[in-house]
Amino acid sequence: MPQNKVTNNDLLKYMDTSDEWIQERTGIKERRFAHRTKETTTTMGVEASKIAIERAGIIPQEIDFIIFATLSPDYYFPGCGVLLQRAMKMKEIGALDVRNQCSGFVYALSIGDQFIKTGMYKNILVVGSEKHSFGLDLTTRGRNISVIFGDGAGAVVLQPTDAGPGDAPGKGILSTHLHSDGESAEILAMFNPGTHANHWTSEAVADFNKTEVADMFMSHAMIDKAQNFPNMDGPAVFKKAVVKFPEVIIEALTANGLKPSDIDMLIPHQANLRIAQFVQQKLRLRDDQVFNNIDKYGNTTAASIPIALCEAWEQGKIKEGDLVCLAAFGSGFTWGSVLLRW
Ligand SMILES: CC(C)(COP(=O)(O)OP(=O)(O)OC[C@H]1O[C@@H](n2cnc3c(N)ncnc32)[C@H](O)[C@@H]1OP(=O)(O)O)[C@@H](O)C(=O)NCCC(=O)NCCS
């Protein structure tokens, strides 16, 4: 996590909001903002990867595939995966970027799981990292979305379950479940820069007929109208999330002949504490079966699950043999779950 803590009260210097409003609606007390120039999405991913690789007992040169999930890449292209490969002096291995927003890490893990299960790779680095602070409208105009997001990174190393002594069948990732519904793609989205030219929405997103050819991707007019920031219909996202989160968790449990009471630890994507509480209630889970840390970090999108997984493990809340469920929902909409035996 970046060192720089930004409390709800710190946001008052940019916008009209309050600590009370933010805490009551989202459960967030503070978030981290990356150092403007010294930390990028990739460098935070590198720091998280160093810890994951060390804990896996290997060296960066033993990694044979990189999957990097983010919606806030260092460059529009190429992706963060190759920047990480360069920064960590890895071999000339494959590097894949996943752009599935809040469910990016679950999608990335599912991809990695398939490569492990086919035997194609032995050490896969899966990273989720975000530097949201560079792309938020931190004025009152953007307050419904900008108070939610924070920066940070997390990473895991995936290996076959028979990779070392003590590893046994029935451990590791049991199954993954991925979904999408593009019907509401514009409800939580950042349109620009992009090639859409208003094709998908009747809403006036820039005036592409008047724009000079060279300006179409990103124009001064877009910036003047604040169309270079993400937008969100918060209540609509909330309504869909509280249906899809429990649904995809039950799907994972059912696929493995299990039920909610079998879960030792549910790590939901940290979208909003109220969403996590709703899911907990719906599945009738005890407090000790659900891990939340959104109060400290806000919503870190693709990074939230690996950060929470790491903290839960460091706090001794995930033990050998535990049934762990990861679940995410976000922009797209896309959602998914991972059920694993630790
Ligand atoms: C964003 C969210 C917290 C907003 O809460 P809400 O109760 O739905 O609030 P609304 O958007 O309906 O706005 C309620 C009022 O608060 C105001 N408001 C919005 N943001 C505010 C802020 N940061 N500070 C103070 N007031 C704010 C609005 O202007 C509105 O005022 P009005 O009633 O006078 O028009 C909530 O909808 C949410 O969490 N949705 C899910 C979002 C999410 O998880 N996104 C990540 C994707 S995984």
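For the chain, a Gaussian network of Cα nodes joined below 10 Å ranks G332, G104, G150 by mean-square fluctuation, and the top entry is G332.
Given in Å, the Rg to one decimal and the Dmax to the nearest whole number for the Cα atoms of region 184-342 are 19.5, 61.
Most simply put, the chain has about 65% antiparallel DSSP beta bridges, counting only bridges with both residues inside it. Taking the square roots of five times each eigenvalue of the Cα gyration tensor of the chain, the equivalent ellipsoid has semi-axes of 32, 24, 19 Å, listed largest first. Taking A236, A48, A302 in turn, the Gaussian network model of the chain (Cα-Cα springs below 10 Å) assigns the largest fluctuation to A236.
Each part reduced to its alpha carbon centroid, region 91-112 and region 121-190 end up 8 Å apart. Using the Karplus relation 6.51 cos²θ - 1.76 cosθ + 1.60 with θ = phi - 60°, the per-residue 3J(HN,Hα) values for region 100-105 come to 10, 6, 5, 9, x, 5 Hz, with x marking Gly and Pro. Rolling a 1.4 Å probe over the protein heavy atoms gives the chain an accessible area of 47 Å² per residue.
Rounding to the nearest 10 and keeping the result within 0 to 90°, find how far the Cα-based axis of helix 304-314 lies from the longest principal axis of the chain. Tilt relative to the chain: about 40 degrees. Measuring nothing but protein heavy atoms, the accessible surface of the chain at 1.4 Å probe radius is 53 percent carbon and sulfur.
Residue order by solvent-accessible surface for H132, H220, H179 is H220, H179, H132, largest first, with ligands and nucleic acids left out and a 1.4 Å probe.
The values are calculated or read from the model by the stated rules, or taken from the named source; none is laboratory data. Predicted, not measured: the structure shown is a model, and the values here were computed from it. Quick note on the areas: whole protein, heavy atoms, side chains included, nothing else; ligands and nucleic acids left out. Shrake-Rupley method; radii C 1.70, N 1.55, O 1.52, S 1.80 Å.
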